[in-house]
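Take a look at the structure set out below.
FYI, it's all coordinate maths here, none of it is from the lab. None of these values were measured; they are calculated from a predicted model.
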Amino acid sequence: MVEVMEAMTRSRPATHRAAPRTTGGVSIRRIRRSDIPELERFYAGLSDESRRTRFFASGAVLSHQQSVSFCTPDHDHREGFVAVAHGREPGDEPIVGHLCLEPAGGHVAEVAIAVADAVQHQGIGRRLME
């Protein structure tokens, strides 16, 4: 599955991958360096169970260094996407989901997804994978 995703990601033109997808009040877009504070807020707001499921560790928290790493992918080997909710005010787009794609050696990649507790089971994780 991961190798298929890697091949799909490489075969798509950059202009297609950069275009945000919008449906149901949530947009999917590439992560940006400017997302660091919002990504930290997102992970801090997850329940202990959601953080444990994402990081496979009890009581895991996202460090500032991890936030910087997640928000500065090279878009060649490392990639990241966020789901952002449409806010009531311009510029108000809280992150409600995060997908991280990291190389794991050779032609294999590791994929990790987290979705805000309040919006789980609404297809956001699936849309991040797409």
* **At 1.567 mPa s and 4 °C, Stokes diffusion of region 70-121 via Kirkwood alpha-carbon radius, µm² per second** => 104
* Structure fact -> Here the gain from full extension of Ala112 to Asp92, 0.36 nm per residue of separation minus their alpha-carbon distance, amounts to 4.7 nm
